[in-house]
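Report on the structure given below.
The values are calculated or read from the model by the stated rules, or taken from the named source; none is laboratory data. Everything quoted here is computed from the prediction, not taken from an experiment. A quick note on method: Cβ atoms are made from the backbone with ideal geometry, for glycine too, and the neighbour counts reach across all protein chains shown. Each accessible area value is taken on the protein alone, full model and side chains, heavy atoms only, with ligands, DNA and RNA left out. Shrake-Rupley method; radii C 1.70, N 1.55, O 1.52, S 1.80 Å.
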Amino acid sequence: MNLTKEIDQIEVIRRVGECADELGLEAYVVGGFVRDLLLKRPSKDLDFVCVGSGISLAQKVADSFDHHVPLSVFKNFGTAMIKLEDWELEFVGARKESYRHDSRKPIVEDGTLQEDQDRRDFTINAMAISINSASYGDLVDPFDGVRDLKRKIIKTPLDPDTTFSDDPLRMLRAVRFATQLGFDIEPGTFDGLIRNAERLQIISGERIIDELNKIILAEKPSYGFKLLFVSKLLHQFFPEMVELQGVDSVGDKSHKDNFYHTLQVLDNICESTDDLWLRWAAIMHDIAKPATKRFNAKVGWTFHGHEDKGARMTPKIFRKLKLPMDERMKYVQKLVRLHLRPIALVNDKVTDSAVRRLVYEAGDDVDDLMKLCRADVTSKNSNKVKRFLANFDKVEQKIQEVEEKDHVRNFQPPVSGEEIMEIFGLSPSKVVGELKEEIKEAILEGQIGNNKEQAIELMYELAKAKGISKKEN
Ligand code: CTP
């Protein structure tokens with residue numbers, strides 16, 4: 001197969017080929033770019049491999065421009081990188097050993113193109129396109145990656161045990177590519193995942209979470225999680241999620257399988273958001289169900305308090321998974337904690353104050369919370385689904401009405417602590433906090449409006465009752 005037509009639109013490829021010719025080096029475009037080119041998925045990362053020094057080729061390419069182009073050389077790893085407009089060009093010499101982009105291990109032995117291709121992760125990632133003028137555009141595809149692209153299959157070029165022991169992270173990459181591309185994992189390769197799953201333990205948390213997040217950002221992440229679960233890869237780094245799986249029964253009373261329910265919620269939320277953290281909130285929303293599960297003869301299975309316990313588990317799980325411990329974690333934690341609250345507002349008799357309290361607690365994340373609640377409706381009974389969603393429409397309307405009236409979404413106390421201290425001549429003390437808190441409570445309860453005038457009036461009343469009087473001027 002010759003791909004001249006496909007690569008000719010990318011001017012820089014021909015330039016690299018010409019530089020390689022001048023140096024007398026065999027050079028190729030390899031890996032993900034070739035795969036994506038054949039899949040017609042645009043990619044801006046170009047990986048070049050040459051038989052010889054990748055660094056000298058990169059240097060030659062950089063020098064071939066009239067203007068300055070930034071070149072970074074990583075001598076220890078034998079690689080170099082050029083940034084050119086929005087393109088990222090990577091250069092490496094062909095290697096005999098496992099190819100790893102981010103390996104901390106220094107350079108491995110030089111090899112031929114075939115040896116280099118042997119040590120790549122999957123047949124669809126092991127294709128190379130020649131860019132020397134004599135064979136420009138020729139596809140070098142020793143493992144029939146083209147066929148696997150057509151068959152939609154992820155398969156290791158060598159025995160999976162060899163490919164996976166070169167770099168166990170590749171097991172997660174197999175699942176990630178399958179999920180992103182909607183491919184199957186070839187049965188022999190999948191058996192390799194099962195056999196080698198425990199070897200994932202030697203991989204750093206940072207590399208694992210990078211792949212997991214890519215799975216979560218795919219169009220249908222549930223597929224990836226099912227593969228992770230069946231292969232037992234998930235068990236290696238996220239046992240709390242594995243725990244969700246299973247159904248218990250007592251007599252004729254059983255509960256739903258919370259693992260598959262969670263996956264459904266995750267897929268549902270993917271239809272309304274691309275945001276990684278809202279997707280994480282879907283993953284975490286029922287995480288404490290196993291820990292709070294009880295059976296009661298009258299009501300059947302209960303999971304009381306799973307939202308609070310889940311919120312408490314969130315930082316621990318985030319820390320363990322090397323997820324950020326900043327406001328992104330707090331956001332997920334908040335949504336986990338509040339995810340049952342909108343359901344409680346469905347009732348017609350719900351007071352404005354209950355709605356106001358929720359809006360106050362959720363703040364600007366109240367819309368995301370509603371998305372999560374909608375995604376959480378996974379009944380198979382379509383009438384039920386319709387009814388639940390209609391109920392949430394009502395809740396959203398109530399939220400809007402209350403918000404228009406009271407503006408508590410980003411609540412700022414109408415009287416500040418400084419003002420209270422100034423008016424009564426107080427120094428920072430407990431009583432100042434109490435006054436502020438009582439004013440806020442009165443606003444949320446709807447006893448006074450959310451405005452300065454009524455807040456000040458109430459403040460004087462409360463102060464009087466506490467025996468505090470206005471400062472004499
Ligand atoms: N590779 C590998 N084993 C790894 C990582 C990478 O064999 N653990 C090889 C593959 O040939 C891969 C290439 O290096 O195609 C580039 O790696 P990378 O940039 O991580 O992945 P891409 O395939 O380009 O895909 P994406 O950009 O979607 O991550």
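Looking at Ser353, Phe411, Cys373, which one has the Cα that reaches farthest to the positive end of the dipole of the range 351-473 (charges on Cβ: Lys, Arg +1; Asp, Glu -1)?
Of Ser353, Phe411, Cys373, it is Cys373.
Name the long-range amide H neighbours of Trp301: under 5 Å, sequence gap of 5 or more, or other chain; modelled H, no Pro or chain starts.
Asn296
Filter the trypsin sites (Lys or Arg not before Pro) in the range 378-473 down to the DSSP loop ones having no more than 14 other Cβ atoms within 10 Å, then list what survives. Could you put the intermediate results ahead of the total?
Numbers: sites: Lys380, Lys384, Lys386, Arg387, Lys394, Lys398, Lys405, Arg409, Lys430, Lys436, Lys440, Lys452, Lys464, Lys466, Lys470, Lys471; in loops: Lys380, Arg409, Lys466, Lys470, Lys471.
Listed in order of number, the matching sites are Lys380, Lys466, Lys470, Lys471.
For the chain, what does -39500 (n - 2.57) per DSSP helix run (n ≥ 4), summed and divided by total residues, give at 222 nm, in deg cm²/dmol to the nearest 500? Could the numbers behind the result be given before it?
Working: 25 runs with 249 residues, N = 473.
After summing the helix terms and dividing by the residues of the chain, the value is -15500 deg cm²/dmol.
For Thr163, Thr112, write out the residues from largest to smallest accessible area, computed with a 1.4 angstrom probe and no ligands counted. Spell out each step's value before the answer.
Values: Thr163 0, Thr112 65 Å².
Correct descending sequence by accessible area is Thr112, Thr163.
What ranking, highest mean first, results for peptides 367-374, 332-339 when packing means the other Cβ atoms within 10 Å averaged over each residue?
Working: 367-374: 20.6, 332-339: 23.4.
Put in order of decreasing packing, that is 332-339, 367-374.
Can you bin the range 152-237 into rounded, prolate or oblate? Criterion: square roots of the alpha carbon gyration tensor eigenvalues sorted a ≥ b ≥ c, rounded for a/c under 1.5, prolate for a/b above b/c, oblate for the rest.
Oblate, because a/c is 1.5 or more while a/b does not exceed b/c.
Taking θ as phi - 60°, what are the ³J(HN,Hα) couplings along the range 153-165 by the Karplus curve (6.51, -1.76, 1.60), each to the nearest whole Hz, with x for Gly and Pro?
Calculated HN-Hα couplings, in order: 10, 9, 8, 7, x, 9, 3, x, 4, 6, 4, 6, 6 Hz.
Relative contact order of the range 4-150, please, whole-number percent, based on alpha carbon pairs below 8 angstrom and at least 6 residues apart.
Worked out over the range 4-150, it gives 25 percent.
Shape verdict for the range 102-179, please, from the Cα gyration tensor: rounded (a/c under 1.5), prolate (a/b greater than b/c) or oblate.
oblate
Where a Cα-Cα gap under 16 Å defines reach, which aspartates and glutamates qualify for Lys256, not counting those fewer than 8 residues away within the same chain?
In chain and number order, the partners are Glu243, Asp248, Asp286, Asp376.
Which entries in Lys253/Lys349; Lys232/Lys253; Lys152/Lys226; Lys152/Lys214; Lys226/Lys289; Lys60/Lys83 show an alpha-carbon gap greater than 22 Å?
Result: Lys253/Lys349; Lys232/Lys253 exceed 22 Å.
Under a cut-off of 13 Å between alpha-carbon atoms, report the aspartates and glutamates in cross-link reach of Lys220, not counting same-chain residues fewer than 8 places apart.
Result set, ordered by chain and number: Asp267, Glu271, Asp274.
At 1.4 Å probe size, with no ligands or nucleic acids counted, give the accessible surface of Trp301 in Å², nearest ten.
Approximately 50 Å² for this residue.
Please work out how much accessible surface Val415 shows to a 1.4 Å probe, ignoring ligands, DNA and RNA, in Å² rounded to 10.
Spelled out: Val415, probe radius 1.4 Å, area about 0 Å².
What aspartates and glutamates does Lys436 reach when the alpha-carbon gap must be under 15 Å and sequence neighbours fewer than 8 apart in one chain are set aside?
Glu418, Glu419, Glu422, Glu445, Glu453, Glu457, Glu461
Going by the alpha-carbon gyration tensor, a ≥ b ≥ c the square roots of its eigenvalues, is the chain rounded (a/c under 1.5) or, if a/c is not under 1.5, prolate (a/b greater than b/c) versus oblate?
Taking the square roots of the gyration eigenvalues as a ≥ b ≥ c, the chain is prolate.
Round to a whole number: what % of the accessible area of the chain belongs to carbon and sulfur, probe 1.4 Å? List each step's numbers first, then the result.
Working: 11320 of 23420 Å².
Its accessible area is 48 percent carbon and sulfur atoms.
Would you mind working out the magnitude of the charge dipole of the range 4-150 relative to its Cα centre, with +1 at each Lys and Arg C-beta and -1 at each Asp and Glu C-beta, to the nearest 20 Debye?
That gives a dipole near 400 debye.
What's the center-to-center distance, using Cα atoms, between the range 121-146 and the range 326-348 in Å?
So the two Cα centres are separated by 50 Å.
Which of the pairs Lys440/Lys466; Lys430/Lys470; Lys430/Lys466; Lys334/Lys371; Lys298/Lys394 have their Cα atoms more than 19 Å apart in this structure?
Where the Cα-Cα span goes over 19 Å, the pairs concerned are Lys298/Lys394.
When only Cα pairs under 8 Å and 6 or more residues apart are kept, what is the percent relative contact order across the chain? Write out the running numbers ahead of the final one.
Details: 706 pairs, mean separation 38.0, N = 473.
Value for the chain: 8 percent.
Report for the chain the percent antiparallel among DSSP-assigned beta bridges with both residues inside it, nearest 5. Before the final figure, lay out each step's value.
Numbers: 26 of 34 bridges.
Bridges in the chain that DSSP calls antiparallel: roughly 75 percent.
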